[in-house]
1. Report yes if residue A:90 is in contact with a helix residue (DSSP H, G or I) (Cβ under 9 Å, 6 or more places away or on another chain), in a loop (DSSP other than H, G, I, E, B) and farther than 26 Å from residue A:398 by Cα, otherwise no.
2. Look through segment B:101-113, keep the residues that are touching a Ser or Thr at 6+ places or on another chain (Cβ under 6 Å) and surrounded by fewer than 24 Cβ atoms within 10 Å (Cβ to Cβ), and return whichever of them is nearest to the other protein chains (Cβ to nearest Cβ).
3. Considering only segment B:246-265, I want to know if a residue exists there that is in contact (Cβ under 8 Å) with a residue 40 or more places away in the chain and within 13 Å of chain A (Cβ to nearest Cβ).
4. Residues in segment A:197-209: is at least one closer than 18 Å to residue A:247 by Cβ and at pLDDT 95 or above?
5. Taking the criterion of being of a type in the set (Ser, Thr, Tyr), surrounded by 23 or more Cβ atoms within 10 Å (Cβ to Cβ), closer than 18 Å to residue B:411 by Cβ and within 14 Å of chain A (Cβ to nearest Cβ), would at least one residue in segment B:175-186 satisfy it?
6. Looking at segment B:61-90 only, could you name the residues that are under 30 Å from residue A:389 (Cβ atoms) and either outside any helix (DSSP H, G or I) or within 11 Å of chain A (Cβ to nearest Cβ) (or both)?
7. Could you run through segment A:8-48 and say how many residues are under 26 Å from residue B:352 (Cβ atoms), among the basic types (Lys, Arg) and in a helix (DSSP H, G or I)?
Amino acid sequence: NPYMGLVSRLRAVWLSGKTRPMEYRMAQLEALGCFLDEKKQDILEATALDMGKPHFEAQFSEIILCKNELHETLNNLSHWMKDKYVDKNLVTRLDSAFIRKDPYGVVLIIAPWNYPIHLFLVPLIGAIAAGNCVVIKPSETTKNTERLVAEALPNYLDKDCFAVVTAGMQETTRLLENKFDYIFFTGGSFVGRIIMTAAAKHLTPVTLELGGKNPCYVSDTCDVQNVARRVAWGRFFNAGQTCIAPDYVLCSAEMQEKLLPALHKAITDFYGPNPRESPDFGRIVGDKQFQHLQTLLRSGRVVIGGQTDEEERYIAPTVLADVLPSDPIMQEEIFGPILPIVIVANMDKAIDFINSHERPLVVYAFSSDDKVVNQVLERTSSGGFCGNDTLMHVTLTSLPFGGIGNSGLGTYHGKFTFDAFTHCRGCLHRSMGREALNALRYPPYSQQKLGLVQAAAEVKRKGSCTLL
Amino acid sequence: MEKMQQVVGRARAAFNSGRCHSLEFRMQQLKALEQMMQEKEKEILAAIKADLHKSEPNAYSHELLCVMRDLVMAIDKLPSWAAPRPVKRDLMTMRDEVYVFPEPLGVVLIIGAWNYPFLLVMQPLIGAIAAGNAVVMKPSEISENTARVVADLLPQYLDRELYPVVTGGVPETTELLKQRFDHILYTGNSTVGKIVMAAAAKHLTPITLELGGKSPCYIDKDCDLAVACRRITWGKYLNCGQTCIAPDYILCDPSIQSKVVENIKVTLQELYGEDVKKSPDYERIINKRHFKRILGLLEGQKIAHGGEADEASCFIAPTILTDVSPASKVMEEEIFGPVLPILPVKSVDEAIEFINSREKPLALYVFSNNKKLIKRVISETSSGGFVANDVIMHFFLSALPFGGVGNSGMGAYHGKHSFETFSHHRSCLIKDLKMEVINKLRYPPGSQKKV
C-alpha cells in the first residue's frame with residue numbers, strides 16, 4: 001500500500017507524544033494563522049483560477065471564517081483541554097472522578113472542492129487542538145488550491161506530525177485501506193457511504209458532513225423584498241455550490257408572483273444587469289458539473305436568468321417557476337445557481353413535502369409570524385434550522401454544525417470540532433484506604449448487605465420518598 | 001424474514017405519528033418501566049439466574065440497581081435535558097434567538113449481549129425512550145431466559161408498536177441490520193462490531209459500539225498489595241470473569257508475582273469460601289462453547305491456582321496463571337472467563353510500552369500509591385475508561401461517559417450521556433425579518449471596505 005509508510009511514520013510520532021503538550025498545539029495553530037495571513041493572496045488567486053471564486057466571497061469564507069475558528073480555539077484551548085470533574089455518588093464521594101480529553105491518534109481529513117481551504121482547515125484546527133497527528137487530503141478537483149496546500153502548508157506545520165496527500169479517487173481508495181483513528185469527511189452521501197464502509201473495517205469513528213436538498217419555505221406573511229434578498233444571497237453565493245444553500249423554495253402561487261420580481265431586483269442589486277460581468281459572481285467548478293447543471297435547467301419555466309456560457313462555465317443566477325416535484329431538478333441536490341420554486345397550497349403541505357424527503361442539512365422558513373417559523377421547526381427534522389435567513393447559522397462558532405440521516409453524522413465548528421477529534425475518557429482515581437467501605441460489594445452476599453448497597457448507590461427522586 | 005421489515009416499519013410509522021415526541025408520553029413510558037421493575041423483579045432475577053447461575057443479590061446490585069438508577073435519573077432530569085439550550089451569540093446575531101434543540105433521532109436499534117443480559121438492553125433503552133425515539137430491542141439469544149422475559153414483559157408495560165422486542169439469532173439479526181435505523185447501539189465483540197458498522201454504513205446510520213478487548217491491570221511495587229489484590233479479585237471473578245471491563249491480565253514486577261498470587265488466593269477464600277463450587281455467589285460459564293474455549297487457553301500454562309473444571313455445569317474454578325508469555329494463546333484474545341494471567345514486567349515503562357503495542361482496551365487499571373506514576377500512565381496510554389486503585393467502579397458512576405476507543409468501541413452512554421447519544425442536537429437560528437440594514441454588509445457588490 002503506497003501510504004502504509006506514511007501512516008506508520010505518523011503513528012510512531014504520535015506514540016512518542018509529540019503532539020500532546022498544549023504549547024505544541026498552540027504553536028502549530030499559530031502557524032496555521034500565519035499560513036492564512038501570508039498566503040492570503042495566493043488563496044484568493046488559486047480559488048479564483050479554480051472556480052472563479054469572487055475575492056469578496058473567498059475572503060469571507062476561506063479567510064475570515066477560518067480565522068474566527070482559529071481565534072476561538074486559541075482563546076479557549078487550555079480550558080477545553082482540562083480534565084472535566086464530574087458529580088460523584090455516595091460510594092465514590094471521596095474519590096477523584098473526571099473526564100480526560102484524549103486525542104484519537106492519527107486522523108484523516110478529506111475535503112471537497114467548493115470551499116477548498118475552509119473545509120479542510122476548520123476541521124484541521126480541531127484535530128490539531130485535540131492533539132492528533134493529521135493526514136490532510138484536499139480536493140483534487142480544485143487543482144490550483146490543491147497544489148498551494150500541498151506545497152505551502154508543510155512549510156508552516158510540523159512535517160513530522162502533519163502530512164498533505166494529493167490523491168484522486170483510486171489513490172484515496174488505497175489511502176482508506178490504512179487504519180486511521182478518526183476520519184472526517186465532507187462531500188456527497190454516495191461517497192460518504194463508501195468512506196464509512198472503509199472505516200468499518202478498522203472500527204474507525206467518523207464525522208460525515210454530507211448534503212441534500214435544503215428546503216426553503218416562504219409563508220404568505222413576510223417582507224417579500226427582505227426575503228428575496230436573503231434567499232438570493234444564500235442561493236447564489238459561490239454560484240450555488242454550497243452545501244447549506246437554500247436548494248428550492250416552497251410557497252403559495254400568490255407568494256411566487258410576489259417573489260419573482262423581488263428576486264429579480266435582489267439579483268440585479270447584487271450583480272448588476274449582466275451578472276457575467278460582475279466580479280462578485282462565481283463560476284461552476286468543472287465541465288462535468290456545468291454540463292449536468294445545464295440539463296437541470298429544463299424544469300419548470302425560466303423566469304430569471306437561464307443564460308449559460310460553456311467556455312467560462314458561467315450559469316446566470318436563475319429562477320425557475322412552477323417546478324413540479326417530479327422534475328429532474330427536484331431529484332438531486334442542485335449545487336448550482338438555479339433556484340426552483342415549487343408551489344404548495346399552505347404551510348401544512350409544505351411540511352408534509354419536506355417530511356416525505358430525506359432529512360436535509362438545513363431547513364429554512366421565512367415568515368413575519370413567529371408561530372409559522374416555530375411550526376416548521378417543530379414539525380420537521382434536519383441538521384440545523386434557520387428562520388428568516390440563510391447560511392448564517394454556520395457562522396456562529398457556538399452552534400454545532402452537522403447533518404442527520406442522509407445529510408450526515410457528527411458535528412463541528414468551535415469547540416465541537418475539538419470534541420469531534422477527542423475521545424472522552426472516563427477516569428476514576430480511588431484511594432487505597434477506606435477498604436471497609438468496599439466490604440459491602442464483596443461476597444458472600446446477604447439480604448442485609450443488599451439493603452445497604454441499595455441505599456448507598458441509589459439516586460433518590462426529588463420530592464418523593466419511595467420509588468413508587 | 002419479512003417480519004423484521006414489518007416490525008421496523010410499524011415502529012417507524014408509530015414514530016412518525018408523533019406520539020412519542022411529547023415529554024409527557026416519554027415520562028409515562030419510563031414510569032411504566034419503573035412499575036415493571038418493581039412488579040416483575042422476581043421473574044427478572046430468576047431469568048438471570050437461569051442463564052448465568054447468578055445469585056439474586058448479585059443480579060440485583062449489578063443489573064437491576066443500575067437500571068433503576070438510570071430510570072430515576074431520566075424521569076427526574078428529562079425536562080431539563082430536553083429543553084432548548086441557548087448558546088453564545090455574536091455581534092451579528094445579538095438580537096436573534098440562537099439555541100441547540102435536542103430532538104429524537106427516529107427509530108433506534110439496541111442489540112444486547114449475554115453477559116449482563118438485562119442491563120445491556122435496558123440501560124440503553126432508558127436513554128433512547130427519554131430522547132423521544134422508537135426503539136427496537138434485540139436481546140442476546142445466548143442468554144435465552146432473559147431474552148424471553150424481556151420479550152414477554154416489555155409489551156405488557158410499554159407501547160407495543162414503538163418499543164418492539166425481537167428475538168432470534170444470527171439470521172434474524174442479519175435481517176434486522178438490513179433495515180434502516182437512525183441509530184444503532186451494539187454491545188458485543190469487535191468482529192461483529194465491524195459487521196454492524198458496515199451494515200450501518202449502507203444507510204449512513206450513526207452507531208455506538210460497546211466492544212471489548214483485554215483490559216490491562218498494572219500493579220506497582222509501591223502499593224498496598226492486600227487491598228489491591230482484594231479489589232482485583234472481586235472485579236476479575238465477578239460474573240465468572242464474563243465482564244467486558246474485568247481486569248483481563250496483570251502486569252507486575254517479577255519480585256511481587258508470588259505475593260500477588262498469595263493475596264488473591266486469600267481473597268478468594270474470603271469471597272467464596274473453601275469450596276468455590278458450593279458458593280451461591282460464584283457464577284458459571286454461559287455455555288459449553290465458551291467453556292471449551294476458556295479451558296483451551298490454559299494449555300501449556302503454569303497454573304498457580306485453580307484450573308478445576310466441570311463441563312456438565314460449565315464450572316471453571318477461579319484460576320491464576322504465572323510467568324505468562326505475551327505470545328501465548330491466553331494473551332491473544334479477550335479471556336472473558338475466570339482465568340487471570342500474570343505477566344512479569346520490569347518497570348512501568350515496560351508496562352506502558354506493552355499496553356501501547358496492543359489494541360486500545362475498554363478499561364485500564366493501575367494500582368499504586370505514587371500519584372505521579374498514575375498520572376503518567378493516564379497521559380501515555382489510551383483506553384475507553386480508566387481506574388486507579390480499583391477496578392470496574394467507573395461503570396457505576398453515570399456522570400462518566402461509558403464506552404471504548406479504537407478496537408474497544410466508539411461512542412458512549414450511561415446517565416445523561418445516553419440521552420445525548422440518542423438525540424439529534426439541532427442548531428437553530430431564528431432571525432427577525434426586519435433589521436435588514438445589518439445584512440447589507442454581506443451582500444454584493446463587495447468592496448474592501450465591506451470586508
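1. Judged against the criteria, residue A:90 is a match.
2. Among residues in segment B:101-113 that are touching a Ser or Thr at 6+ places or on another chain (Cβ under 6 Å) and surrounded by fewer than 24 Cβ atoms within 10 Å (Cβ to Cβ), the one nearest to the other protein chains (Cβ to nearest Cβ) is B:102.
3. No, segment B:246-265 has no match at all.
4. If we filter segment A:197-209 for residues that are closer than 18 Å to residue A:247 by Cβ, which is where we start, we get A:209.
Next, only the ones that are at pLDDT 95 or above stay: A:209.
Within segment A:197-209, one or more residues are closer than 18 Å to residue A:247 by Cβ and at pLDDT 95 or above.
5. So far as segment B:175-186 goes, yes, one or more of its residues are of a type in the set (Ser, Thr, Tyr), surrounded by 23 or more Cβ atoms within 10 Å (Cβ to Cβ), closer than 18 Å to residue B:411 by Cβ and within 14 Å of chain A (Cβ to nearest Cβ).
6. B:83, B:84, B:85, B:86, B:87, B:88, B:89, B:90
7. The total comes to 3.
Residue by residue, here is whether (1) within 28 Å of residue A:16 (Cβ to Cβ); (2) of a type outside the set (S, T, N, Q); (3) touching a strand residue (DSSP E or B) at 6+ places or on another chain (Cβ under 9 Å); (4) modelled with pLDDT under 95 holds:
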{"position": "B:373", "(1), (2), (3), (4)": "yes, yes, yes, no"}
{"position": "B:391", "(1), (2), (3), (4)": "no, yes, yes, no"}
{"position": "B:399", "(1), (2), (3), (4)": "no, yes, yes, no"}
{"position": "B:406", "(1), (2), (3), (4)": "yes, yes, yes, no"}
{"position": "B:416", "(1), (2), (3), (4)": "no, yes, no, no"}
{"position": "B:420", "(1), (2), (3), (4)": "no, yes, yes, no"}
{"position": "B:428", "(1), (2), (3), (4)": "no, yes, yes, no"}
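The values are calculated or read from the model by the stated rules, or taken from the named source; none is laboratory data. This is a predicted model, so every value here is computed, not measured. Reconstructed Cβ throughout: ideal geometry from the backbone, glycine too, with neighbour counts over all protein chains shown.
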